[in-house]
Structures are given as structure tokens and as C-alpha cells.
Ligand SMILES: C[S@@+](CC[C@H](N)C(=O)[O-])C[C@H]1O[C@@H](n2cnc3c(N)ncnc32)[C@H](O)[C@@H]1O
């Protein structure tokens, strides 16, 4: 399988990770291993990189790309929400750097044959981890109308959610919707032609994104991960999170703010009763974004936002 590793914001990530030889690092989303490769080079000769991906293809690829550094890496086919258990089982009490580069990889879009792309005719699957059970086909063919509308509107910000859902319901009453091409055509037919013409993106972009988020429970797992964040870093350790969706960025922003503020008592309390103290500080108040040159070279980077924080 041909794997690409066009990493998003590589220079910025490298700068803000602030790595030194001997560091223990985690790449929670190996993908094509581009960021992982740059991380491992910065922590040699005796540093350690823990690499995680829920997609077995990414793990197989990482084994090849990172093979010269075999002694310094440990790979896990797992979900990053399980990082606390992974570290515990490896006897690690805290790490110097954690990277999350969220969403899906170029390889999943182009080579996985799992229906991530509306430009291909593939089974409607969209699972990043094929050990899980929920598929896009199941969602499209069995979810109730109100749930489909909700998912398309919330995760895809699709303004024709109702129209598209009604078209899906009509089509699935005839025969199950099986492929990415069939679904894309239903969406194109349901989108008012004038609006479709005006949009800069393919009319199916938002619905496909929403389905992928639902299939992989992306937001829930990110929330679970963020809850455990401070306990995973050593003092001065850094987390870098690249998100591609406003809901993801909101989860990251709010979690970081909560750990940065500490006390959660209502303002009118004369003294703190909750006992929470600040645990991290944000390195950049506003998220960093890619340069125009990077977006021109890699349009998949266009909505990327990088947030960085440090453990106190
Ligand atoms: C944008 S790609 C990462 C690209 C990578 N940083 C590079 O330099 O090539 C995102 C990867 O994260 C993985 N992923 C997404 N959510 C995950 C999760 N909750 N747990 C583990 N891996 C996840 C996907 O399978 C995908 O391979």
C-alpha cells in the first residue's frame, strides 16, 4: 500500500514540541508517520517514542518508516483515549510530549477502500478501526430521520440536512444504500442546484465528514482523552493538538481552559471550596494556523488549528 506522509504544520509542531534528546514522547495519531519521524530524530539517541493509531494500516506503515529507530519506539494499535492504560502498562508515569493530529489521513481517504471519499465507489464503511462495529452503511440505512438530520447538522454544519435526510429515507426504502458513490449521488440530487453551484466544496463534503465523525465517535473520544491530559505529562511536558473541525477545536480549547483556570467555584463563593488548582498553561492564547504557502501546497491543511499547552 502506498502511504503518503504530508504532515500538517510540521515546522510549527516541531518548534512547539520543544524536544530534547532523551525525551519520552507520544504520537497519538501516527497516520503516515511524518510527525513521528521528525519527533524521533529530535529525541535520539536514548529517547522513546510511543506511537498509537487506531488504524492497523497506519501501524504497519509506521513499522516500516520507523524501522531504523526500532529500539526507541513502541507501537500500539489502539485508541488514544486509552493512553492512560498504555502508559501504565509500559511503566511510564509521565511524558515530555504528546501530539494529536486529529481527523483522518490522506491514506485513509485515497487508499483504504473504506468509503471515506465521495469521489470513489467503495463500500460505505468509514471505520478507522475495523475492530469496531458501527459503519456508515448502518447509520445511513437504519438511523431514524431525526437522528440523521441531527448528525448532518451538528457534525457537518450541513444546511440542507433535512432535504438530504429525506432523500436518503426515500432511497433506502427502495433498497439499502451500499456505496460512497450512491450516497454522494443522492446528496448531489437533493442539494438545490443553485446552492451546489455556489459552494466551493463538493455538495457531499459535509455529510461525509459528519458520518465519519459519528462512525468513529471522534468527539466523545477526544473529550475522554482531554479529561486525562494533565496526569499524562511531566512538569514542563507539552501537548500539541491539531484539529480540523470547529467542534474539535472547541473541546480542546475548553478542556485546556478548565485545567488552566483551576478553581471551578461560583464567583460569589468567598473562598475556594473545590480545591482545583491550575495544572497547565496555554503556550499560545490563539490557535496557530498554517501559512498560505502550506495551504497552497496541501489544501487538506486549510482548516487546521494548532493549540499548545504545558504542564505546570
Ligand atoms: C491526520 S492523520 C495523522 C497524520 C500524521 N500526523 C502524519 O504526520 O502523517 C490522523 C490519524 O489519526 C488516527 N486517529 C484518529 N482518531 C484516533 C483515535 N481516537 N485514536 C487513535 N488514532 C486515531 C487516524 O486513524 C489517522 O491515521
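Counting just the residues of segment 204-217 that are touching a helix residue (DSSP H, G or I) at 6+ places or on another chain (Cβ under 7 Å) and assigned to a helix (DSSP H, G or I), which one comes out nearest to residue 27 (Cα to Cα)?
If we take residues in segment 204-217 being touching a helix residue (DSSP H, G or I) at 6+ places or on another chain (Cβ under 7 Å) and assigned to a helix (DSSP H, G or I), then 213 is nearest to residue 27 (Cα to Cα).
Kindly evaluate residue 220 against the criterion of being in a helix (DSSP H, G or I), in contact (Cβ under 8 Å) with a residue 60 or more places away in the chain and either on the phi > 0 side of the Ramachandran plot or under 17 Å from the mean Cα position of the chain (by Cα) (or both).
For residue 220, the condition - in a helix (DSSP H, G or I), in contact (Cβ under 8 Å) with a residue 60 or more places away in the chain and either on the phi > 0 side of the Ramachandran plot or under 17 Å from the mean Cα position of the chain (by Cα) (or both) - is not met.
Please pick out the residue among 258, 253 that is at pLDDT below 95 and surrounded by 15 or more Cβ atoms within 10 Å (Cβ to Cβ).
258 is the lone residue from the list that is at pLDDT below 95 and surrounded by 15 or more Cβ atoms within 10 Å (Cβ to Cβ).
Mind checking which helices (runs of 4 or more DSSP H) fall wholly inside segment 35-154 and carry at least 3 residues that are modelled with pLDDT of 95 or more and closer than 28 Å to residue 236 by Cα?
Because the criterion is at least 3 residues that are modelled with pLDDT of 95 or more and closer than 28 Å to residue 236 by Cα, the helices (runs of 4 or more DSSP H) in segment 35-154 that meet it are 83-89.
Being surrounded by fewer than 23 Cβ atoms within 10 Å (Cβ to Cβ) and more than 20 Å from residue 79 (Cα to Cα) is true for just one of 34, 47. Which residue is that?
47
Among the numbered criteria (1) more than 13 Å from the chain's Cα centre (by Cα); (2) in contact (Cβ under 8 Å) with a residue 40 or more places away in the chain, which one does residue 201 miss?
(2)
So for segment 288-296 (the condition being closer than 29 Å to residue 110 by Cβ and in a strand (DSSP E or B)), does at least one residue qualify?
Yes, segment 288-296 has at least one match.
Would you confirm, using the coordinates I've provided, whether residue 80 is farther than 20 Å from residue 229 by Cβ and either touching a strand residue (DSSP E or B) at 6+ places or on another chain (Cβ under 9 Å) or surrounded by fewer than 22 Cβ atoms within 10 Å (Cβ to Cβ) (or both)?
No; evaluated as a whole, the condition is false for this residue.
Filter segment 177-199 for residues that are at pLDDT below 95 and not in a helix (DSSP H, G or I); which is farthest from residue 160 (Cα to Cα)?
It comes out as 199.
Of everything in segment 234-250 that's touching a helix residue (DSSP H, G or I) at 6+ places or on another chain (Cβ under 7 Å) and more than 20 Å from residue 96 (Cα to Cα), which residue is surrounded by the fewest Cβ atoms within 10 Å (Cβ to Cβ)?
247
Since residue 18 meets every condition but one in (1) over 28 Å from residue 236 (Cβ atoms); (2) buried (at least 16 other Cβ atoms within 10 Å of the Cβ), which condition does it not meet?
(1)
Residue by residue, here is whether (1) under 19 Å from residue 25 (Cα atoms); (2) without any contact (Cβ under 8 Å) to a residue 24 or more places away in the chain; (3) in a loop (DSSP other than H, G, I, E, B) holds:
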{"position": "228", "(1), (2), (3)": "yes, no, no"}
{"position": "241", "(1), (2), (3)": "yes, no, no"}
{"position": "300", "(1), (2), (3)": "no, no, no"}
{"position": "303", "(1), (2), (3)": "no, no, yes"}
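Within the bounds of segment 149-170, is there any residue that is in contact with a helix residue (DSSP H, G or I) (Cβ under 7 Å, 6 or more places away or on another chain), surrounded by fewer than 21 Cβ atoms within 10 Å (Cβ to Cβ) and at positive phi?
Yes, segment 149-170 contains at least one residue that is in contact with a helix residue (DSSP H, G or I) (Cβ under 7 Å, 6 or more places away or on another chain), surrounded by fewer than 21 Cβ atoms within 10 Å (Cβ to Cβ) and at positive phi.
Residue 6 passes all but one of (1) buried (at least 21 other Cβ atoms within 10 Å of the Cβ); (2) within 13 Å of the ligand (Cβ to nearest atom); which number fails?
Only one criterion is unmet by residue 6, namely (1).
Which one of these is under 26 Å from residue 304 (Cα atoms) and out of contact with any helix residue (DSSP H, G or I) (no Cβ under 7 Å at 6 or more places or on another chain): 78, 82, 7, 33?
Result: 82 is the single residue among 78, 82, 7, 33 that is under 26 Å from residue 304 (Cα atoms) and out of contact with any helix residue (DSSP H, G or I) (no Cβ under 7 Å at 6 or more places or on another chain).
Based on this model, can you work out whether residue 30 counts as out of contact with any strand residue (DSSP E or B) (no Cβ under 8 Å at 6 or more places or on another chain), within 12 Å of the ligand (Cβ to nearest atom) and not in a strand (DSSP E or B)?
Against the criterion (out of contact with any strand residue (DSSP E or B) (no Cβ under 8 Å at 6 or more places or on another chain), within 12 Å of the ligand (Cβ to nearest atom) and not in a strand (DSSP E or B)), residue 30 does not qualify.
Do we find a residue being without any contact (Cβ under 8 Å) to a residue 12 or more places away in the chain and over 23 Å from residue 248 (Cβ atoms) anywhere in segment 143-164?
Within segment 143-164, one or more residues are without any contact (Cβ under 8 Å) to a residue 12 or more places away in the chain and over 23 Å from residue 248 (Cβ atoms).
Here are some conditions: (1) away from the ligand (no atom under 16 Å from the Cβ); (2) touching a residue at least 24 places away in the same chain (Cβ under 8 Å); (3) under 20 Å from the mean Cα position of the chain (by Cα). Residue 236 meets all but one. Which one does it not meet?
(3)
The values are calculated or read from the model by the stated rules, or taken from the named source; none is laboratory data. Predicted model, so just to flag it, every value in this text is computed and none were measured. Quick reminder, even Gly has a Cβ in these numbers, built from the backbone with ideal geometry, and neighbours come from all protein chains shown.
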